[in-house]
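Colleague: What follows is a single structure, and I will ask about it in a moment.
The values are calculated or read from the model by the stated rules, or taken from the named source; none is laboratory data. Please read these numbers as outputs of a predicted model, since none were measured by experiment. With ideal geometry, Cβ positions are generated from the backbone for all residues, glycine too; neighbour counts draw on all protein chains shown. For accessibility, only protein heavy atoms count, side chains too; no ligands or nucleic acids. Shrake-Rupley method; radii C 1.70, N 1.55, O 1.52, S 1.80 Å.
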Amino acid sequence: MFKLFKEIRETGDATVEYPFAPYEFPDGFRGKPEHNEKLCIACEACAIACPANAITMELSEDQSLITWNINYGRCIFCGRCQEVCPMFAIELTKEFELTVLNKADLGESCAYEVARCSCCGKPYAVKKEVDYVRNLLSKMGGPAATDIKKLDRCLDCRRLEDAEAFQLQARHRGEA
Ligand code: SF4
Ligand code: SF4
């Protein structure tokens with residue numbers, strides 16, 4: 001018995017003192033992903049990359065809003081969402097005590113407005129994402145700035161417009 005006590009004393013603590021003392025996190029610890037609603041442009045990259053389907057995007061019935069959702073109950077804390085986010089809008093924190101009494105409290109969500117095509121009126125992209133690209137192009141200036149006016153139209157209308165412009169040019173050259 002004394003030999004055992006001696007060994008225990010010599011070995012020291014083999015476990016951490018948590019929850020009686022704060023847990024000391026190792027570098028790179030991956031805890032709860034924190035989403036920044038203001039920085040997010042609802043590009044969907046995190047939802048596509050999430051291997052556990054913890055992040056989902058949902059279009060409202062009238063297609064006027066898209067909702068970004070996270071279910072912490074599904075999250076496996078892999079960090080893929082943080083890696084792929086172009087806006088640094090999602091970051092894994094050191095928070096790991098996620099216990100809740102109600103399962104519904106394990107989720108968070110926020111909604112973003114959907115832009116409609118100025119030509120055909122069809123919903124085609126998240127408004128915040130379009131505004132972000134518009135802002136980037138205007139900062140770049142030069143030839144990129146000429147694409148800005150195309151941003152408020154859906155892909156189908158832009159294709160149609162390009163095809164018409166191409167036909168017109170061909171006619172001028174006497175090819176059609
Ligand atoms: S940490 Fe991994 S599992 Fe959790 S939300 Fe991000 S991508 Fe999904
Ligand atoms: S990748 Fe970033 S910007 Fe895109 S939807 Fe996710 S959190 Fe938002």
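Colleague: When you scan the range 115-136, how many residues do you find that are among the charged types (D, E, K, R) and in a strand (DSSP E or B)?
Modeller: Count: 1.
Colleague: Same structure, new question: Just to be sure I understand, how many residues within the range 2-44 are small (Gly, Ala, Ser), closer than 30 Å to TYR72 by Cβ and more than 14 Å from ligand 1 (Cβ to nearest atom)?
Modeller: Qualifying residue count for the region: 2.
Colleague: Scan the range 108-131 for residues that are of a type in the set (Lys, Arg) and over 20 Å from the mean Cα position of the chain (by Cα) and report the count.
Modeller: 2
Colleague: Right, something else. Check the range 49-56 and report whether any residue there is within 15 Å of the chain's Cα centre (by Cα), more than 16 Å from GLU91 (Cβ to Cβ) and within 11 Å of ligand 2 (Cβ to nearest atom).
Modeller: yes
Colleague: Look through CYS50, CYS119 and report the one residue that is within 16 Å of ligand 1 (Cβ to nearest atom) and either modelled with pLDDT of 95 or more or within 30 Å of ARG159 (Cα to Cα) (or both).
Modeller: CYS50
Colleague: Sort out which residues of the range 92-101 are within 13 Å of ligand 1 (Cβ to nearest atom) and loosely packed, with under 14 Cβ neighbours inside 10 Å, and write them in order of number.
Modeller: Selection gives THR93, GLU95, PHE96, LEU98.
Colleague: While we're here: List pairs: first in the range 126-139 and farther than 15 Å from LEU39 by Cβ, second at pLDDT 90 or above and open to solvent by 60 Å² or more (accessible area, probe 1.4 Å), Cβ under 7 Å, 6+ apart or cross-chain?
Modeller: LYS127/GLU113
Colleague: Still on this structure, please answer the following. If I filter the range 3-35 down to residues being among the small types (Gly, Ala, Ser) and within 33 Å of the chain's Cα centre (by Cα), which single residue comes out as farthest from ligand 2 (Cβ to nearest atom)?
Modeller: My answer is GLY28.
Colleague: Specify which of the listed residues (THR67, THR146, THR93) is hydroxyl-bearing (Ser, Thr, Tyr) and more than 26 Å from ILE48 (Cα to Cα).
Modeller: THR146
Colleague: Out of (1) out of contact with any strand residue (DSSP E or B) (no Cβ under 8 Å at 6 or more places or on another chain); (2) modelled with pLDDT of 95 or more, the odd one out for PHE77 is which?
Modeller: (1)
Colleague: Check off (1) in a helix (DSSP H, G or I); (2) of a type in the set (Phe, Trp, Tyr); (3) open to solvent by less than 40 Å² (accessible area, probe 1.4 Å) for TYR112 and give me the number that stays unchecked.
Modeller: If we test TYR112 against (1) in a helix (DSSP H, G or I); (2) of a type in the set (Phe, Trp, Tyr); (3) open to solvent by less than 40 Å² (accessible area, probe 1.4 Å), just (1) comes out false.
Colleague: Does ALA45 count as within 15 Å of ligand 2 (Cβ to nearest atom) and within 19 Å of THR93 (Cα to Cα)?
Modeller: When the stated conditions are applied, ALA45 does not pass them.
Colleague: Let me ask something additional. Hey, could you check the range 139-176 for residues that are outside any helix (DSSP H, G or I) and open to solvent by less than 70 Å² (accessible area, probe 1.4 Å) and say which is farthest from LYS128 (Cα to Cα)?
Modeller: GLY174
Colleague: Restrict the check to the range 110-127 and report whether at least one residue is aliphatic (A, V, I, L, M) and under 30 Å from TYR18 (Cβ atoms).
Modeller: Checking the range 110-127: not a single residue is aliphatic (A, V, I, L, M) and under 30 Å from TYR18 (Cβ atoms).
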